[in-house]
1. Got a sec? Which helices (runs of 4 or more DSSP H) wholly within the stretch A:191-308 have at least 1 residues that are charged (D, E, K, R) and either under 30 Å from A:S173 (Cα atoms) or more than 14 Å from every other protein chain (Cβ to nearest Cβ) (or both)?
2. List the pairs whose first member sits in the stretch B:90-102 and is over 13 Å from B:V113 (Cα atoms) and in the same structural domain as B:A120 (by TED's automatic domain parsing), whose second member is modelled with pLDDT under 90 and charged (D, E, K, R), and whose Cβ atoms are under 6 Å apart, counting only residues at least 6 apart or on separate chains?
3. Output the residue which, of all residues in the stretch B:223-244 that are touching a helix residue (DSSP H, G or I) at 6+ places or on another chain (Cβ under 8 Å) and not in a helix (DSSP H, G or I), is surrounded by the fewest Cβ atoms within 10 Å (Cβ to Cβ).
4. Tell me, yes or no, whether the stretch A:287-300 has at least one residue that is aliphatic (A, V, I, L, M) and over 23 Å from A:K180 (Cα atoms).
5. Condition first: touching a Phe, Trp or Tyr at 6+ places or on another chain (Cβ under 7 Å) and of a type in the set (K, R). Now tell me which residues in the stretch B:270-291 satisfy that.
6. What residue, of B:K6, B:K69, is basic (K, R) and at pLDDT 85 or above?
7. Show me the helices (runs of 4 or more DSSP H) found entirely inside the stretch B:251-345 where at least 1 residues are free of Cβ contacts under 8 Å to residues at least 12 places away in the same chain and surrounded by fewer than 24 Cβ atoms within 10 Å (Cβ to Cβ).
8. In the stretch A:200-237, which residues are in contact with a Ser or Thr (Cβ under 7 Å, 6 or more places away or on another chain) and within 30 Å of A:P187 (Cα to Cα)?
Amino acid sequence: MKISKLSIVLLGVALVAPFVMYPVLLMKILCFALFASAFNLLLGFVGLLSFGHAIFLGTGGYVTGYLVMNSGLSPLLGILAGTAAAAALGAVYGKLSVKREGIYFAMVTLALAQLMFFVFLQAPFTGGENGLQGIPRGFLFGFIDLSDNLNMYYFVLAIFLFGFWVINRTIHSPFGQVLKAIRENEPRATSLGYNVNDYKWAAFVISAALSGLAGSTKTLVFQLASLTDVHWHMSGEVVLMTLVGGMGTIFGPLVGAAAIVGLQNFLSGGELGNYVHIIMGLIFIVCVLAFRSGIVGEIQKIVKRNFS
Amino acid sequence: MKLMTKTLLSAAMAVALTSTAAHASLSDDKVKIGVLADMGGVYADICGKGCVTAVEMAVEDFGGTVLGKPIEIVSADDQNKPDVGSAIVRKWIENEQVDVITGLVASSVTGAVTQVTTDAKKIALIAASASNAFTTKQCSPYNAHWTYNVVALANGTVKPIVQSGKKKWFFITADYAFGHALEGIATKVIESEGGEVVGAVRAPLGTTDFSSYILQAQASGAEVVGLANAGADFVNSLKTAAEFGLTEMMDVAGLLVFTPNAQALDPAIAGGMLTTTGFYWDRDEESREWSARFKARHGAIPAMPHAGAYSATMHYLNAVKAAGTDESDAVMKIMKSTKPDDFFAKNATLRADGRMVHDMYLVKITKASERKSADDIFAIQSVIPGDQAFAPMLPECDFK
């Protein structure tokens, strides 16, 4: 009951936000919040640290961008195609990587992501360093003009809510309970008769697909797909967002994405522009040393201590 | 009393100003210039903070106000990434009332940015990019490509070398829009002069270890190795070439050499190399005077994008003044119908396709013995008239 009240307040804020803040920045935050939430499904609820998650974000982006530009696909179909491509890649990469645990899992995902990065760097259809430029936003359902920032914002918000709902549903389903059991004690989950690898694989595919959804949407927002989205820096950034916000909490990735994107936006304009990476690094260190459970995690602790 | 006279005086001045500029209309009561450049990466030296300084100088020399309204400058670092650059420019135009964009370094970033500026009908004064795409296949009525482009570089540097009898070429190319364009145009020039390109390798932007590329160049059997890259990439590849003895075996041609990069190289390696530039500080009294002022503020002599950024900004502001508005179409019309003429732009005209055609210079990097000072880097060999340096206008890009 408490959470649903909070959700309604947040939804209200999201609905009026574009009239107060710059819509494109908000759309960027929403895309990254979805990406971080999808990543958090793996890290926070299954305990798997995928260090190559940007590849799903970028794959979704490139596929959507290419199809919308060259095949004249509508934005919605383009996003579906991008999501499907990311899910397919996730299915293959998941099959290969969930067999390993801990640091080996992280390294396998990183290596697989770097393989794909090179493909995107060299393949002629991606435009190399130039990226895909000038992707049209198009018309939703054939009549809603998405080149208008407000229309685009509500479209992105709808996609985000859908993705967020899927994640929420997954976590609170029996399937999600098994995932948490695996996170807490994998041998015990095995001993109870669960095929642990299949569960991990399914969670990996869901996470990859939603990351692809975030990437596809981001591509339409910025009308651009570039190597930044598939670079391992981006994989690191999503880890940062999740940890700063609060790993294993529902709203943590959302807060983390808003904090990091907002900070980047704030710093890039000012005198500190050259020190973005240093400042982010410091924040990361402080977070890991002092607030292990992230912003939302710490707030939850305080609420628990004082109000219940 | 004193205060009152002051107030009266300023009120009178305000009335006078508004009456002279009665028909003038500026959006948001100011002209705002956005300077986008790589501030900390491989191209930081050739534009970067120096371009911001150059634009500031232009605004100050212009008087700080236009049509009685202030001129503001904002700047940002694009990190040589198209997504970062286009997002910044989008924010500037949609949210911060920026009227015109200048700087613009890496061609990949410029490509993405000019999509945004064209959609928003804002002028892009391209000061440092090399690709010729902005006045050909990506041409737009709102592009003004100022300092130079790959066609001028190929015509200026490659043609005389092929004509001197060195016909077999190999390219080490920066792997993005600029490098591809430069290699493509240079290849056309070489083939039209009866030469051939025996091979090419593509190195990513920001490569630090060029050894494997240099070895491929050595094995190619070419007479000339063309370095179709720029900035720190050029410096690193040429240093590696010297370390591997490539400079002894065959000629190395730097297709795009900016003064700060030439300055960073040992004259024993770079001395004697021919290259083409749109500006050199030590050309005449006028250029020396401006460059001395620039050096006093920036701490180094200007590279051609710095001079180009100043010249383009000045021409833009003059056009705003003449048009009485900052509305892009009206300003662009005047920019194209009046000839830019300053210490940078000689025999210059802004063509209808947005190409600024002006004199280019074939220069030789001086040897250590020829240098009178640390800034004595180039010796001008010949002046290449604009119509020989740049390609003719394409009919589909003729924006009247």
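The values are calculated or read from the model by the stated rules, or taken from the named source; none is laboratory data. Since the model is a prediction, treat every value here as computed from it, not as a measurement. Here Cβ is always computed from backbone atoms with ideal geometry, including for glycine, and neighbour counts include all displayed protein chains.
1. Details: elements: A:196-222, A:232-245, A:252-269, A:276-290, A:294-307.
Because the criterion is at least 1 residues that are charged (D, E, K, R) and either under 30 Å from A:S173 (Cα atoms) or more than 14 Å from every other protein chain (Cβ to nearest Cβ) (or both), the helices (runs of 4 or more DSSP H) in the stretch A:191-308 that meet it are A:196-222, A:232-245, A:294-307.
2. Note: pairs meeting the criteria are B:Q97/B:D28; B:D99/B:D326.
3. Just the residues of the stretch B:223-244 that are touching a helix residue (DSSP H, G or I) at 6+ places or on another chain (Cβ under 8 Å), to begin with: B:224-232, B:234-235, B:237-242, B:244.
Filter once more, so that each one left must be not in a helix (DSSP H, G or I): B:224-230, B:244.
Details: B:V224: 21, B:V225: 26, B:G226: 28, B:L227: 29, B:A228: 33, B:N229: 31, B:A230: 28, B:F244: 16.
Among those that are touching a helix residue (DSSP H, G or I) at 6+ places or on another chain (Cβ under 8 Å) and not in a helix (DSSP H, G or I), it is B:F244.
4. Step one: filter the stretch A:287-300 for residues aliphatic (A, V, I, L, M), giving A:288-290, A:295-296, A:299.
After this cut, where a residue has to be over 23 Å from A:K180 (Cα atoms) as well, the list is A:289-290.
Within the stretch A:287-300, one or more residues are aliphatic (A, V, I, L, M) and over 23 Å from A:K180 (Cα atoms).
5. B:R288
6. From the options B:K6, B:K69, the qualifying one is B:K69.
7. Numbers: elements: B:259-264, B:267-270, B:285-298, B:304-323, B:328-337.
Correct list: B:285-298, B:304-323, B:328-337.
8. Result: A:I206, A:A209.
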